[in-house]
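K.L.:
Got a structure here, written out as structure tokens. Questions coming.
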Amino acid sequence: MTAQTVQSRTAAPVQTAADRRTLRKVLWVPQILLAVFLLVASGLPKLVGQADAVESFELIGWGQWFRYVTGVVEVSGAIGLLIPRLAGLAATGLIGLMAGAVTTHLLVLDPAWALMPAAFAVVFAAIAWNRRYETRELLRSLKR
């Protein structure tokens, strides 16, 4: 066996630009669906004071200001997911939001519902990973 053969068998596969583009196209479907969900079914109901949102945040015990903050973060994240340059950064922020949602469901609300934000966080992590180069460039441009 040659050294090159051994090296090619042990080296980690390198993700090419074409692979990233293919994955990006695949991720657009859940990205759009999650953005619509966050906007229509989650964020806006919190902002307009839908009864079940008000009740949930009463159970959490942090007051209704936290409902508004959560709604703004969800709506902002939804919009960010739809803007290619911001999608990675939005997905990264939404991972944190989902971690809080999982924790809240496990400790305060209904533990069975913790699976949904956990699954969302996995998708957001894939989006953030796929868009890491754009996010890095965006953050560099803000430093200038």
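The values are calculated or read from the model by the stated rules, or taken from the named source; none is laboratory data. In this text the structure is predicted, and so the values were computed from the model without any measurement. Glycine also receives a Cβ, built like all others from the backbone with ideal geometry; neighbour counts cover every protein chain displayed. These area figures cover heavy atoms from the full protein model, side chains too; ligands, DNA and RNA do not enter into them. Shrake-Rupley method; radii C 1.70, N 1.55, O 1.52, S 1.80 Å.
K.L.:
I'd like to check something: does the stretch 67-81 contain any residue that is of a type in the set (Lys, Arg), at pLDDT 95 or above and surrounded by 15 or more Cβ atoms within 10 Å (Cβ to Cβ)?
P.N.:
Scanning the stretch 67-81, I find at least one residue that is of a type in the set (Lys, Arg), at pLDDT 95 or above and surrounded by 15 or more Cβ atoms within 10 Å (Cβ to Cβ), so the answer is yes.
K.L.:
Something else now. How do the pairs read when you match residues in the stretch 30-46 that are of a type in the set (Gly, Ala, Ser) with residues anywhere that are assigned to a helix (DSSP H, G or I) and buried (at least 16 other Cβ atoms within 10 Å of the Cβ), using Cβ under 6 Å and keeping only pairs 6 or more apart or on different chains?
P.N.:
Ala35/Ala78; Ala35/Leu81; Ser42/Glu74; Gly43/Gly71; Gly43/Glu74; Gly43/Val75
K.L.:
Only one of Ala87, Ala91, Ala118, Ala101 is closer than 15 Å to Ser42 by Cα, open to solvent by less than 70 Å² (accessible area, probe 1.4 Å) and touching a residue at least 12 places away in the same chain (Cβ under 8 Å). Can you tell me which?
P.N.:
Residue meeting the stated conditions: Ala101.
K.L.:
Considering only the stretch 133-144, state which residues are assigned to a helix (DSSP H, G or I) and surrounded by fewer than 14 Cβ atoms within 10 Å (Cβ to Cβ).
P.N.:
Tyr133, Arg136, Glu137, Leu139, Arg140, Ser141, Leu142, Lys143
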